[in-house]
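A short worksheet on the structure shown next.
No lab work stands behind these numbers, since they all come straight from the coordinates. The structure presented is a predicted model; accordingly, all values stated were derived computationally and were not measured. So basically every Cβ, Gly included, is an ideal-geometry build from the backbone, and we count neighbours across all protein chains shown.
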Amino acid sequence: MILPIVKYGTPVLRKKGARIETVNPTIKKLIADMLETMYSQKGVGLAAQQIGVPLQLTVIDVRGVTDRPSMMEIEGEEVDPAAHMPLVLINPQVTPLGEPVSGPEGCLSFPEIFADIMRSAYIEVTAMNQDGKPLKFRARGLLARAVQHEYDHLQGILFIDRMDKKTKEDLRPDFEALAAATKAAAEQ
């Protein structure tokens, strides 16, 4: 089922997600709905907060992006990231391993707003997968950026919090208009 994506100005986007202790049928249904929702919007990632549910759960799929490559390593071996998509991360932990690099980002909760954001070029991720099994990998490129973006959502951090001061000031009218539209829609 395609779920509505909450927009900037909705309080749940600032909530840290609760840990998921077991992967039960309700969580499995939520994962399936999140994937369907993400694909319907042509996104590469979606956090539970973005559909109004403050949990430590995100889905990612970078297969559709060819102009920004992704790299993935499992147990020290480089693997094809496409073979591991879609990626479901439950209770993820992200460790930056590389220097920060600037790169373009957008967000389904901020339609039509894009900016360059500094993020670690290389990360290590530990999480549970959709079957409740441990998952550990390293990532570079778009996959590393997407994981960090979605991990931030799970902590109640938005990509606007990572923007440099000038970019944030330049985009302030867009943020304010989006927040006002979100508030007006909630009041109806």
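If I model the range 74-188 as equal point scatterers sitting on the Cα atoms and use the Debye formula, what is log10 I(q)/I(0) at q = 0.11, 0.18, 0.21 Å⁻¹? The Cα Debye sum returns log10 ratios of -0.44, -0.97, -1.17. Projecting the Cα atoms of Q155, Q188, V6 onto the dipole axis of the chain, where Lys and Arg carry +1 and Asp and Glu carry -1 at the beta carbon, places Q188 farthest toward the positive end. Each residue, S40 and V79, gets one label point 7 Å from its Cα in the Cβ direction; the gap between the two is 3.0 nm. Local charge for M71 was computed over the other residues whose Cβ lies under 12 Å away, with Lys and Arg +1 and Asp and Glu -1, and equals 0. Lysine pairs in the chain whose alpha-carbon atoms fall under 18 angstrom of each other, counting only those eight or more residues apart or on distinct chains, come to 8.
Dividing the helix sum by the residues of the chain, where each DSSP H run of 4 or more adds -39500 (n - 2.57), gives a mean residue ellipticity at 222 nm of -9500 deg cm²/dmol.
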